[in-house]
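Take a look at the structure set out below.
The values are calculated or read from the model by the stated rules, or taken from the named source; none is laboratory data. Bear in mind the structure is a predicted one, so any value in this text is a computation, not a measurement. Positions of Cβ are generated from backbone atoms using ideal geometry, with glycine treated the same way; all protein chains shown enter the neighbour counts. In case anyone asks, the SASA skips ligands and DNA or RNA and just uses the protein heavy atoms, side chains included. Shrake-Rupley method; radii C 1.70, N 1.55, O 1.52, S 1.80 Å.
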Amino acid sequence: MAEARPAGARIGSAQTAFGQTLRRDAWWLELAPVILLLGGFGVYATLRAFEGSYYEWGPYLSPFYSPLIDVHHRWWPWSPALLILAGPLGFRITCYYYRKAYYRAFFLDPPACAVSESGKRQYRGETRFPFILQNLHRYFLYLAAVFLGFLWHDAFHAFFFEGHLGVGVGSLVLLVNILNESHMLYAWISLISVGFADFYVRMLASGAIRDVRLL
Ligand code: FES
């Protein structure tokens, strides 16, 4: 298929310098929260996935570790989170909204609408390796539906304390975490909530805080 450029897209062509634009607004301001939030989440999630501990407290299970597989390390000596990471990670990384966010914020390709990207690279869209793999998003969506089932199970389980019905702050944290699956705003909300749900369980499991029992 022929490579298409939007009308009037001289900016962004090989002749323009990086960052060249006719825009007069502070377009770069959009990048800062993405770098902070997405970058921060990436670092935190990576550290947590490799940590391999503090993922369970009472009836609460961190979403980073759900479903929990080979918890006793019979055949998998490393963190159980690494066994399931590819599912949720692949789903988020191939999501159209996140793609737009990290292409702009981390690859600066382009840094914003109507702002020139760098160098003499030719735009190839997502037609070549490795970006052609982004087309796997629909299959990751099916996989995400399976993970969602596990998260619902975990949220339900979080309301039972030693066999008795109860509500802790953690029960609500895990419940709220599974209610957000959508774009833009919800993409951010779900990113923050899944990180917070893991952080909350980690704080409880390490003894840093105590769960507040509501009922
Ligand atoms: S495009 Fe499918 S979850 Fe974002």
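General remarks:
- Residues located in region 193-215, provided they are closer than 18 Å to ALA45 by Cβ, aliphatic (A, V, I, L, M) and open to solvent by 50 Å² or more (accessible area, probe 1.4 Å): none
- TYR98 fulfils the conditions (1) surrounded by fewer than 16 Cβ atoms within 10 Å (Cβ to Cβ); (2) assigned to a helix (DSSP H, G or I); (3) at pLDDT below 95; (4) of a type outside the set (Val, Ile, Thr) except for a single criterion, (1).
- Residues of region 169-215 satisfying the condition of being in a loop (DSSP other than H, G, I, E, B), among the hydrophobic types (A, V, I, L, M, F, W, C) and within 16 Å of the ligand (Cβ to nearest atom): ILE178, LEU179, MET184
- ALA49 being surrounded by 13 or more Cβ atoms within 10 Å (Cβ to Cβ) and of a type in the set (A, V, I, L, M, F, W, C): yes
- Where ALA155 falls short, out of the listed (1) touching a Pro at 6+ places or on another chain (Cβ under 8 Å); (2) open to solvent by less than 60 Å² (accessible area, probe 1.4 Å); (3) in a helix (DSSP H, G or I); (4) more than 16 Å from the ligand (Cβ to nearest atom): (1)
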